[in-house]
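Enquirer: First the structure, which I've put down as structure tokens, then a few questions once you've had a look.
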Amino acid sequence: MIPNSSSESASSSSNPDSPVIVSGPARLSAFTPRRGLLNGHLQTIVGNYLPRAPFRLETVTEAVEVDPSDGSRVLCHCHWQPEPARCLTLVQVHGLEGSSDSRYMLGIAARAWTAGCNVVRMNMRNCSDSDALTPTLYHSGLSGDVGAVVRHYAEQFGLTRVALVGYSMGGNLVLKLAGEWGARPPLLAVAAVCPAIDLAAGSNALHEPQNRIYEWHFLRRLMRRFRRKAALFPQIYTRADAGPIRSLREFDDKIVAPYCGFRDADDYYYRAASARVIDRIAVPTLILHSLDDPFVRLTPETRAKILANPHILLAETRHGGHCAYLGSEPGDDIHWAEATVVRYLLEHTNLEHAGLERTNREHAAGEHGS
């Protein structure tokens, strides 16, 4: 086990496999990387392709409207317990060019379901072959889409306990929404794995020579998606904008910014970054960040904001890569981040729920006594 306070973090740093707890109390199991996977690039690549057990949960699929002004909808895959209103509901958001079927999304869903939770695997706009459901592109500032999904299912099922889980770009979205919402019900807790909090720093890191393979991977998929949008909505998009584009920053500057209401890439990175509102988060929040993540960076200013927020636990490991965290445990427990996220959310939402019930009972007793 790791220390229970940030003041003890120095003692944990002597163990090269333990998480380095930078902020807040915690009871997280130590992360020991799988033998041979001490390199962040290896963790990232192997984690993206490692086979998993078949996913067999019964699924309800729905296109949820997130913007009435243009009819934009996002595709959600849901797994409901027999009495949804009595359960914690996890709303999951994937990373850049991922989908509800990304391996980590399925892994979290299976664990959460087994633990008795409802699960909503949310696709960002256009993802999972849902391009026809919206005339818009997707980008890192659309935290309102996550909020719309939460409100939709809260109203439909009477949900009172919701937690958000985001990976990478999805991590930025859930942290941004948490900062915008504060302690607004039904949100009780948040977890973000390798969140792209500082968008400009991450974009610059992707253009570094050692990370160009990742940048080209994203660019190929983004350009393919843009061409598909141009074919579906030729009255909005022009194929002339499709190239040549040689960096993610150039894509954001030439395509995302003009089509999504930003002045340029810098304006987009600033306005869409959860770093701007992370100090306003007011529910228990876990941020997992690997120090050998190839391209996610935390600026000193953002780190200072995180450290100053008592609601946030920032847990950093020396190894883990980008959204991988392949540990030394056998079987499915190799996925340390997924197990850690589910345990954290269950513990903190149960505590929060118990506190709300106790407050309500005390309030009722006071009224009765008066």
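Enquirer: Based on DSSP, what percent of beta bridges with both residues in the chain are antiparallel, to the nearest 5?
Expert: Within the chain, antiparallel bridges account for around 40 percent of the total.
Enquirer: What value, in deg cm²/dmol to 500, does the helix sum -39500 (n - 2.57) over DSSP H runs of n ≥ 4 give at 222 nm once divided by the residues of the chain?
Expert: That calculation yields -12000 deg cm²/dmol at 222 nm.
Enquirer: Let me ask something else about it. Quick one: which of 101-109, 316-324 comes out on top by average Cβ neighbours within 10 Å, and what's the full order, highest first?
Expert: For the peptides 101-109, 316-324, the packing ranking is 316-324, 101-109.
Enquirer: In debye to the nearest 20, how big a dipole does the chain give about its Cα centre with +1 on each Lys and Arg Cβ and -1 on each Asp and Glu Cβ?
Expert: 620 debye
Enquirer: Further, regarding this structure: Considering the options Y259, F226, N211, tell which one lies farthest towards the positive end of the dipole of region 209-272, charges being +1 on Lys and Arg and -1 on Asp and Glu at the Cβ, about the Cα centre.
Expert: Final value for the positive-end residue is F226.
Enquirer: So, one more: If we count other beta carbons within 10 Å of each Cβ, what is the order of S130, S274, fewest first?
Expert: Values: S130 19, S274 28.
Lowest count first: S130, S274.
Enquirer: Right, another one. Please state the shape class of region 125-212: rounded when a/c is under 1.5, otherwise prolate if a/b exceeds b/c and oblate if not, all from the C-alpha gyration tensor.
Expert: oblate
Enquirer: Expressed as a whole percent, how much of the Cα-Cα distance distribution for the chain exceeds 33 Å?
Expert: Percentage above 33 Å: 27.
Enquirer: Please name which of L345, Y104, S274 has its Cα lying farthest along the dipole of the chain towards the positive end, using unit charges on Cβ (Lys, Arg +1; Asp, Glu -1) and the Cα centre as origin.
Expert: Farthest towards the positive end: Y104.
Enquirer: Of all the C-alpha pairs in region 169-323, what % are more than 22 Å from each other?
Expert: 46 percent
Enquirer: Still on this structure: When T134, T238 are ordered from fewest to most other Cβ atoms inside 10 Å of their Cβ, what list results?
Expert: T238, T134
Enquirer: Per residue of region 243-253, in order, report the coupling 6.51 cos²θ - 1.76 cosθ + 1.60 (Karplus, θ = phi - 60°) as ³J(HN,Hα) in whole Hz, putting x for Gly and Pro.
Expert: Here the 3J(HN,Hα) series is x, x, 10, 10, 8, 5, 4, 5, 4, 5, 6 Hz.
Enquirer: Further, regarding this structure: Once you keep just the Cα pairs under 8 angstrom separated by 6 or more residues, what percentage relative contact order results for the chain?
Expert: 22 percent
Enquirer: Could you work out the relative contact order of region 209-272? I mean the mean sequence separation of Cα pairs under 8 Å and 6+ apart, divided by the number of residues, in percent.
Expert: The value is 23 percent.
Enquirer: Then there is this: Roughly how compact is region 139-189, stated as its Cα Rg over 2.2 N^0.38 Å to two decimals?
Expert: 1.07
Enquirer: Next question, about the same structure. Output ³J(HN,Hα) for region 260-274: one whole-Hz value per residue in order, computed from phi by the Karplus curve 6.51 cos²θ - 1.76 cosθ + 1.60 with θ = phi - 60°, and x for Gly and Pro.
Expert: Here the 3J(HN,Hα) series is 10, x, 10, 5, 6, 4, 4, 5, 4, 4, 6, 6, 8, 6, 5 Hz.
Enquirer: How large is log10 I(q)/I(0) at q = 0.15 Å⁻¹ when the Debye formula is applied to the Cα atoms of region 209-272, each weighted equally and without solvent?
Expert: The Debye formula, applied to the Cα set alone, gives -0.47.
Enquirer: A further question follows. Please give the charge dipole size of region 209-272, origin at the Cα centre, charges +1 on K and R Cβ atoms and -1 on D and E Cβ atoms. Round to the nearest 20 debye.
Expert: 440 debye
Enquirer: Set Lys and Arg Cβ to +1 and Asp and Glu Cβ to -1, take the dipole of the chain about its Cα centre, and tell me which of N126, A163, T114 lies farthest positive.
Expert: The Cα lying farthest towards the positive end belongs to N126.
Enquirer: Could I ask something else about it? Could you let me know the centre-to-centre spacing of region 222-287 and region 143-184, using Cα atoms, in angstrom?
Expert: 20 Å
Enquirer: Let me ask something additional. Suppose every Lys and Arg Cβ carries +1 and every Asp and Glu Cβ carries -1, with no other charges. What dipole size does region 120-187 come out with about its Cα centre, to the nearest 20 debye?
Expert: The dipole magnitude comes to about 220 debye.
Enquirer: Given H placed 1.01 Å from N in the peptide plane, which residues other than close sequence neighbours of H335 have an amide H under 5 Å from its amide H?
Expert: G327
Enquirer: Given H placed 1.01 Å from N in the peptide plane, which residues other than close sequence neighbours of S290 have an amide H under 5 Å from its amide H?
Expert: Here the answer is C194, T317, since their amide H atoms fall under 5 Å of that of S290.
Enquirer: Students often forget the sequence filter, so: which aspartates and glutamates lie under 15 Å Cα-Cα from K254 once same-chain residues fewer than 8 apart are removed?
Expert: K254 reaches D241, D264, D266, D267.
Computed from the coordinates by the stated procedures, all read-outs in this text should not be read as laboratory data. A quick note: this is a predicted structure, and the numbers were derived from the prediction, not measured. Quick reminder, even Gly has a Cβ in these numbers, built from the backbone with ideal geometry, and neighbours come from all protein chains shown.
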